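Some notes on the structure that comes next.
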Amino acid sequence: SVRLEQGVVTSLLEEKGTIRGVQYKTKDGRELTAFAPLTIVCDGCFSNLRRSLCNPQVDVPSCFVGLVLENCHLPYANHGHVILADPSPILFYPISSTEIRCLVDVPGQKVPSIANGEMANYLKTVVAPQVPPEIYDSFVAAVDKGNIRTMPNRSMPASPYPTPGALLMGDAFNMRHPLTGGGMTVALSDIVVLRDLLKPLRDLNDAPTLCKYLESFYTLRKPVASTINTLAGALYKVFCASPDQARKEMRQACFDYLSLGGVFSTGPISLLSGLNPRPLSLVLHFFAVAIYGVGRLLLPFPSPKRIWIGARLISVWFMIIFVYPLAILALN
């Protein structure tokens, strides 16, 4: 009993504060309307419809520069790779048996121009010397080929206006830095939460009552969403290069902690994947990394300089462990 209609939604149909449906344009140019008791708005990171349903506080901390490398192999087959480069991370992951996608993070909202060759020069002089030698030639060849794409990395807390007749989902509703690839995990988790809420209902036509009922959606989604959002933002802050010695020690401590294996690796990975949606576990691992980082500095013989760096490392971690997560939890 489902009929698929395809088109470009141009606006939401609102009547006395309630969303009744959408106006959309078909491929052949016809302007049509569709009515429904519940409209789910999920038109992505560039959403044109979110403004009437939430408070969009979009931040652009960096941009991704994308390339496809051909006929090469990563150092560890069938694994994604994060290169802790300067000034910020570089991602490599296989997309076929012969192709590897590369995403170069460029801090800030502006990237070097592709048209005048600044981007190619940046990739060859700054980025290429930092990629693994196994894929260096393929990286340079991909730059020379010129099929370079850019994409702003957006972050937006979930700050909805509960609106009768409509619900926001996906990147139209909530975004985090894509370093950890958590966007689809959060979206799919939200779908499961919404499915379970709607399953027992038999009548969706009482819009005010349905809106009040669906307000629990925003609470039930928090464990997964806030954990992944916080981890994405925190890891990006940690993995970016910095001249500050305390931040350098923090980045190295995080890398070495993950390299220990066992629970020190599987724990963070379960948080990244959404399999462990407990914010407390996230805080515990952050705290463990801080202790590990300070221990590396003070053993075997502490010096005044190392003690000072350790104290500053703890202060930075305090901001990431407590202040940043509490802000995310409040907004998500």
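The values are calculated or read from the model by the stated rules, or taken from the named source; none is laboratory data. On a predicted model such as this, the values are computed, not experimentally measured, just so you know. Using ideal geometry, Cβ is built from the backbone for each residue, glycine included, and neighbour counts are taken over all protein chains shown. For the accessible areas, the whole protein counts, side chains as well, though only heavy atoms, and no ligand, DNA or RNA atoms are used. Shrake-Rupley method; radii C 1.70, N 1.55, O 1.52, S 1.80 Å.
A few comments on the model shown:
- Some residue of the range 65-75 being surrounded by fewer than 18 Cβ atoms within 10 Å (Cβ to Cβ), within 20 Å of the chain's Cα centre (by Cα) and of a type outside the set (S, T, N, Q): yes
- For R149: the one exception among (1) within 21 Å of the chain's Cα centre (by Cα); (2) within 25 Å of P268 (Cα to Cα); (3) assigned by the TED database to the domain that holds K110: (2)
- Verdict on P223 being touching a Pro at 6+ places or on another chain (Cβ under 9 Å), in contact (Cβ under 8 Å) with a residue 24 or more places away in the chain, open to solvent by less than 80 Å² (accessible area, probe 1.4 Å) and over 26 Å from V104 (Cβ atoms): yes
- For the range 127-170, the tally of residues that are in contact with a helix residue (DSSP H, G or I) (Cβ under 7 Å, 6 or more places away or on another chain), open to solvent by 60 Å² or more (accessible area, probe 1.4 Å) and in contact (Cβ under 8 Å) with a residue 12 or more places away in the chain stands at 1.
- The lone exception for G7 - which of (1) closer than 30 Å to A166 by Cα; (2) at pLDDT 95 or above it fails: (2)
- Screening S88, S47, S52 for residues that are of a type in the set (S, T, N, Q), under 15 Å from R154 (Cα atoms) and open to solvent by less than 70 Å² (accessible area, probe 1.4 Å) leaves exactly one candidate, S47.
- Across the range 19-44, the qualifying residues are those that are of a type in the set (D, E, K, R) and surrounded by 14 or more Cβ atoms within 10 Å (Cβ to Cβ), and the one among them that is farthest from the chain's Cα centre (by Cα) is R20.
- In this entry, T230 is excluded by the filter for residues that are part of a helix (DSSP H, G or I) and surrounded by fewer than 18 Cβ atoms within 10 Å (Cβ to Cβ).
- Search result, residues across the range 236-250 that are modelled with pLDDT of 90 or more and in a helix (DSSP H, G or I): Y236, F239
- All told, S97 meets the bar of being out of contact with any Gly (no Cβ under 8 Å at 6 or more places or on another chain) and surrounded by fewer than 12 Cβ atoms within 10 Å (Cβ to Cβ).
- From the list E14, E5, the lone residue that is assigned to a strand (DSSP E or B) and open to solvent by 90 Å² or more (accessible area, probe 1.4 Å) is E14.
- Residues in the range 289-309 that are among the hydrophobic types (A, V, I, L, M, F, W, C) and loosely packed, with under 15 Cβ neighbours inside 10 Å: I291, L298, L299, F301, I307, W308.
- Members of the range 63-76 that are in contact (Cβ under 8 Å) with a residue 12 or more places away in the chain and on the phi < 0 side of the Ramachandran plot: C63, F64, V65, G66, L67, V68, L69, E70, C72, H73, L74, P75
- Residue ID - nearest to K248 (Cα to Cα), chosen from residues in the range 273-288 that are part of a helix (DSSP H, G or I) and open to solvent by 50 Å² or more (accessible area, probe 1.4 Å): F287
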